[in-house]
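A short write-up of the structure that comes next.
The values are calculated or read from the model by the stated rules, or taken from the named source; none is laboratory data. The model shown is predicted, which means the values in this text are computed figures rather than measured ones. So basically every Cβ, Gly included, is an ideal-geometry build from the backbone, and we count neighbours across all protein chains shown.
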Amino acid sequence: MSILIIAEHDNQNLSAATLNTVTAASEIGKEINVLVVGHNCSNVSKQCSQIPNVKSILEANSEEYKNFVAENVSKLIIDLSKDYSHILAPSSTTGKNIMPRVAALLDVMQISDIIKVVDDETFQRPIYAGNALSTVKSNDKIKIITVRSTAFEASENTGGSAEIKSINGSGDTDLSKFLKSELSSSERPELTSAKIVISGGRGMQDGSNFGMLEKVADKLGAAVGASRAAVDAGFVPNDYQVGQTGKVVAPNLYIAVGISGAIQHLAGMKDSKVIVAINKDEDAPIFQVADYGVVTDLFDAVPELDSKIN
Amino acid sequence: MKILVPVKRVIDYNVKVRVKPDNSGVELANVKMAMNPFDEIAVEQALRIKEASHAEEVIAISIGPQESQDTIRTALAMGADRGILVKTEHDIEPLAVAKILKSIVEKENPELVILGKQAIDDDCNQTGQMLSAFLNWPQTTFVSNLELKDKNLLSVREVDGGLEHMECSLPAIVTVDLRLNEPRYASLPNIMKAKRKPLEEISPSDLGVDTSKRLEVLKVEDPPSREAGMILGSVDELVDKLKNEAKVI
């Protein structure tokens, strides 16, 4: 029995999170196959075939998969499931939407958001916003797993030569209709895969002040994030949110500006390699996790930082 | 129509959780409990739909120990009409929760089930999707805007790259994200009134659902702690440390 990974992509390009999922699958230690389900997605299949250690690519190319509607994609995965002992997907909003449906219909309990593979049936996952880590053993016949991509290194994406097989779709369930998407467009790197992230909190006072962070971000090649407080205050859109209920990031450098450090925010960034906190409140909990703290007014510190990092 | 809203009793989100010394779980004794914050948003949305005359009845259901009736009473105080407590001795997994909800749905025939997208204790993010799969109803997850037009549900989903607009017909499953609404506080008169609202108590075996666990918890432990860092005197010092000590810029 082997492993099936559900590739994450936009019909054109493979998302980096899939490469982290391949690493998690390698640690389980069985033959790895990748499912590319989408529409006009042959480019993605080609990218997947380059990943070393992948045996084969299954490509389901059909109109009803264009927008990854959960009801349609989960039906296909269930139809394929009998050949696999493990089915893995990145723990993105797409994976979270689809995989529990697969688990339910196979009558197994999904293992969400794993951060460590102990053996092929035992995994570690965070609970309580990462304030505790739970090691669980699954006794189900097939393991349905979502993978926290920041907890695993990305695998190589060149040098492989997996065979690409075209497979039939399972049809349109006609349950939900996709109308349109409004995706944020940005020249900056994606939040979850950026090497450096600079985030603003309620201390930013206003959405327009995020311009200061963007200037620094552009010099460092960084992504811009935000705390839930900044999102709730309407400073920036929700897809900036780092935290328990937003995105989980683990860059080499995380700069928290005007962020107090609520538990739910720490859950999204405390695995970053180096954490910097800039806050005028010296008692802010963010300083307890920061490697470097500067207790000062961010409206002085950020422009100064901007001018000194050339 | 009827709307069903499952509500979970969890450790209050302001409380710092403590791992038990024997690593069997987290300490729940003498800890302040509250309704899962996402479920409050779900209750609020159901009430708004009812107040806009699109629904006649909002039913709050909780699955858990006897104390979970407090969580149901909170929903009733917010304005839900009646409650159902499915009493369980041990905590149960989303798969079994979804099975219980399925049999309640078949009994009560709601046209809409609104759930929180995840519970802040196990952070699983599974129950709504599982229920939708069991019922073969459409699912719309992580919703930040919801509009009911005749029997059509127009929704906006929060996804990693931005927003997604979806449409489906009723009956349907919706799971809610944070920005959908701001839940109301229950007023004192409504808290008093809630005490007289009907609350039915049943057990999973009444529904014929097997709640045995599929995942064996081997160990619950504290996450690795970070070493305390240093407070620097100036931005100059910070830039120097990042360049020459941490070597990250």
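Quick test for you: out of A:232, A:239, A:218, A:206, pick the one residue that is loosely packed, with under 15 Cβ neighbours inside 10 Å and under 24 Å from the mean Cα position of the chain (by Cα).
It is A:218.
Among residues belonging to the range B:16-37 that are more than 11 Å from every other protein chain (Cβ to nearest Cβ) and among the charged types (D, E, K, R), point out the one that is nearest to the chain's Cα centre (by Cα).
B:32
Need a quick list: strands (runs of 3 or more DSSP E) entirely within the range A:136-184 having at least 2 residues that are closer than 20 Å to residue B:215 by Cβ.
Hits in the range A:136-184: A:143-147.
Would you please list the contacts, defined by Cβ atoms under 9 Å and residues six or more apart or on different chains, that run from a residue in the range B:219-239 that is in contact (Cβ under 8 Å) with a residue 40 or more places away in the chain and facing chain A (nearest Cβ under 7 Å) to a residue that is of a type in the set (Ser, Thr, Tyr) and in a loop (DSSP other than H, G, I, E, B)?
B:219/B:24; B:220/B:24
Every residue in the range B:1-14 that is more than 17 Å from the chain's Cα centre (by Cα) and facing another protein chain (nearest Cβ under 10 Å), please.
If the condition is that a residue be more than 17 Å from the chain's Cα centre (by Cα) and facing another protein chain (nearest Cβ under 10 Å), then no residue fits.
With respect to residue A:193, is the statement that it is at pLDDT below 95 and either under 30 Å from residue A:53 (Cβ atoms) or of a type outside the set (S, T, N, Q) (or both) true?
It is true that residue A:193 is at pLDDT below 95 and either under 30 Å from residue A:53 (Cβ atoms) or of a type outside the set (S, T, N, Q) (or both).
Can you list the strands (runs of 3 or more DSSP E) found entirely within the range B:143-189 that contain at least 3 residues being within 16 Å of the chain's Cα centre (by Cα)?
The strands (runs of 3 or more DSSP E) meeting that bar are B:172-176.
I'd like the full set of residues that are free of Cβ contacts under 8 Å to residues at least 40 places away in the same chain and not polar (S, T, N, Q), limited to the range B:140-150.
Answer for the range B:140-150, where residues must be free of Cβ contacts under 8 Å to residues at least 40 places away in the same chain and not polar (S, T, N, Q): B:142, B:143, B:147, B:149, B:150.
Taking the condition of being within 7 Å of another protein chain (Cβ to nearest Cβ), at negative phi and outside any strand (DSSP E or B), how many residues in the range A:119-135 meet it?
1
Criterion first (in contact (Cβ under 8 Å) with a residue 40 or more places away in the chain and small (Gly, Ala, Ser)) does residue A:92 satisfy it?
Against the criterion (in contact (Cβ under 8 Å) with a residue 40 or more places away in the chain and small (Gly, Ala, Ser)), residue A:92 qualifies.
Kindly list the number of the only condition in (1) under 23 Å from residue A:148 (Cβ atoms); (2) buried (at least 23 other Cβ atoms within 10 Å of the Cβ); (3) not aliphatic (A, V, I, L, M) that fails for residue A:273.
Here residue A:273 meets the rest and fails (2).
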